[in-house]
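Shown next, in structure tokens, is the structure this report addresses.
The values are calculated or read from the model by the stated rules, or taken from the named source; none is laboratory data. Remember, predicted model here, so these are calculated numbers, not experimental data. Glycine gets a Cβ as well: all are built from the backbone with ideal geometry, and neighbour counts include every protein chain shown.
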């Protein structure tokens, strides 16, 4: 992994891992410990981490653009995200508010009307992500319904 994903070496948690990044393949399903720049550690399969890291530069561009639009509309980044979903025809985004304040913040997205230019600006750097941790195609025998009788 070390020779192909040098940008991940800074996230490798050398204290918690009992192996070195040179000892594993980027396609390994082994779990390893990673550490963010703030010092927080988390465990994740190596192959999932290397796949997810492929689009990080583009993803961070989108985050930056969301922040710019939040400043333009004088609102929160989460409100821009919800307004984008509504503009794309998603009528009931999953909000997951744990506090009343967060629900109120989400409701504030009703007041934001993103323009076609805003939408294009947000979507321009997007790169499709590989599917990780899910079945990306039906099995050879086809879809089997849980209540199907044979």
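Annotations for the structure displayed:
- Taking the criterion of being exposed (fewer than 12 other Cβ atoms within 10 Å of the Cβ) and assigned to a loop (DSSP other than H, G, I, E, B), the residues of the range 89-105 that qualify are 89, 90, 91, 92, 94, 96, 98, 99.
- Taking the range 16-68 as the range and being under 24 Å from residue 80 (Cβ atoms), crowded, with 16+ Cβ neighbours inside 10 Å and in contact with a helix residue (DSSP H, G or I) (Cβ under 8 Å, 6 or more places away or on another chain) as the test, the residues that pass are 62, 65, 66.
Every residue, every condition in (1) under 12 Å from residue 8 (Cβ atoms); (2) modelled with pLDDT of 85 or more, yes or no:
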site: 31; (1), (2): no, yes
site: 34; (1), (2): yes, yes
site: 39; (1), (2): no, no
site: 43; (1), (2): no, yes
site: 55; (1), (2): no, no
site: 64; (1), (2): no, yes
site: 68; (1), (2): no, yes
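- Only residues that are assigned to a loop (DSSP other than H, G, I, E, B) and in contact (Cβ under 8 Å) with a residue 24 or more places away in the chain were counted in the range 106-123, giving 3.
- Filtered by the rule that a residue be assigned to a loop (DSSP other than H, G, I, E, B) and touching a residue at least 12 places away in the same chain (Cβ under 8 Å), the range 63-87 gives 73, 75, 76.
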